[in-house]
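No lab work stands behind these numbers, since they all come straight from the coordinates. Since this is a predicted model, take the numbers as computed values, not measurements. Every residue, glycine among them, receives a Cβ derived from its backbone with ideal geometry; neighbour counts consider all protein chains shown.
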């Protein structure tokens, strides 16, 4: 069954504004708003694109104001939030919402039924909004007024700026708007335009942080009017340049997009027996860019829409392998392997203009080895040329860590553990600063980095043995054996009955704070821990860090614990890694638990089920980046996160749906 919301789910402003839809073009462009049409975030908009040669997305068209006229009566279907007022209150006419194959809303005014559907053609820089008059006792008039923003999606227009916009008419059915350094177009398949410029001032985006900056001003050039009878439909095309589609062409595009949704479900390696599983698989479409050009194919999430190597490698098994996109997985790994080769086999965290590397985390290359192993293990019929390229990269990246990587401030010690030689927080994933303060100060040997390092050495040993490289296999085997022993000797804390988060190699003292990074020492394919120690780590994380939607980033008994995203901006940043819960860590926890309790799939499903409810609030069908670590467990960050969704899909594929 497709995602469905009834009248009771949207019959108040708070209910309707608390549920968001997302459409995308598979290229990073998106449309994002609430089911009642009220924008509640700066990032909301029907047409949000990243202009060429720019890093930041821009909101071009914010929304459309819809008004129905019937028998001299006026019905406004739109909803906006101002400081002390919600006006109009069109949510009162919304009867139902359906999410698949793309968002659609049904408005009911007595015996008038008007359906609104929104989709983005694959690979096109445009959004299509379709209005269908399903039932009406006679003719009605539908007025549509587009509102333009022309600003970056993390900003607002603080003042109206009367001279900011101008409009030119391309033809009788379309207009182009110029202003604030952007151009955008609005074309209708039918109707008559009346240019009546109007400012919409002081709109409030209440989901943004309360710093007083989320008050926006939008401009509308005029109205396109249609006389409609039962069975009539009109399409509105929003784009960054003039687009002319016939109704027949738009119908074909609409059918193609619906078919694309069906194909995504059919090719998945997960049975997807429930609507929640189907929704997760369908949502993966937004995060995967499968164009033929050489680009980074996985986005971090929405609305961030960035490309980072670690997020890619963590989410790849779920987003690509679980959903049957093996060819895209190979392309993704080869893209980043080529980037690492250009950098002397040091894996960059991101690339500027596809070329200039940005070095960040120590573990980017280690996560690459993890993802490459997942692909090679999963896709045994991989193209031999792809396998050869990936194995070359896997060995080269692993060897680079053995020799130390100055660019990442890391060296391999005599005990075969990786040591961070500085204190730069950019070298590990808990890398936030709150002003000048480092939120999580770590140094020396980091537990998750060395768990990944042990896993990488064992992967290299496995493939060296498999492909008859006895000398290399022996090298990796000896390094892994020494690393595994040193790992247990260095990180094990008898006081915690778990693992230190980091250990200073000079003082041999460990950090006593209980953090979730230790779960990777159990969950990864190769673990340095004996079963009894692994079970202790699982129990420690479960008893101390587990919440409904993820593992907390800090023990709630710690004096620096901050479990909610609230207060000043610096306090919110501190909460990110001092108590907030991350779903991707929950995926690692579930894998760790089921590895040592294989007969308790029932509990594995119990850990997953809360997301069924989450995906029906907030961003519909999306899994958020992080959550409050204490009640009320509100979501924050990206509303659709690659690592969050990817880990849940991976667990479904590898641990819960797979035959044991």
Item to check | Ellipticity estimate at 222 nm from DSSP helix runs (n ≥ 4, -39,500 (n - 2.57)) divided over the chain, nearest 500 | outcome: -10000 deg cm²/dmol
Item to check | Computed over the chain: relative contact order in percent, which uses C-alpha pairs under 8 Å that are six or more apart | outcome: 11 percent
Checklist entry - Which FRET efficiency value, to the nearest 0.05, do you get for residue 293 and residue 155 by plugging their Cβ-Cβ distance into 1/(1 + (r/R0)^6) with R0 = 30 Å? => result 0.55
Checklist outcome for this item: Given (i) 172; (ii) 154; (iii) 259 as possible values of volume of the Cα convex hull per residue in Å³, the one from the coordinates is (ii)
Checklist outcome for this item: Check: C-alpha center region 223-287 vs C-alpha center region 421-492, spacing in Å is 45 Å
Checklist entry - Hey, can you rank 43-51, 290-298 by average C-beta count inside 10 Å, highest first? => result 43-51, 290-298
Item to check | Length-normalised contact order for region 559-660 - Cα pairs under 8 Å, 6+ apart - percent | outcome: 29 percent
Item to check | Percentage relative contact order, region 131-234, counting C-alpha pairs under 8 Å, at least six apart | outcome: 43 percent
Checklist entry - Where the centre of each part is set by its Cα atoms, how far does region 32-83 sit from region 392-417, in angstrom? => result 50 Å
Checklist entry - For region 588-660 and region 505-549, what is the separation of their C-alpha centers, rounded to whole Å? => result 19 Å
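What ranking do 75-86, 244-255, 276-287 get when scored by the average of other Cβ atoms within 10 Å per residue, highest first?
On the way: 75-86: 17.0, 244-255: 13.8, 276-287: 23.5.
Final packing ranking: 276-287, 75-86, 244-255.
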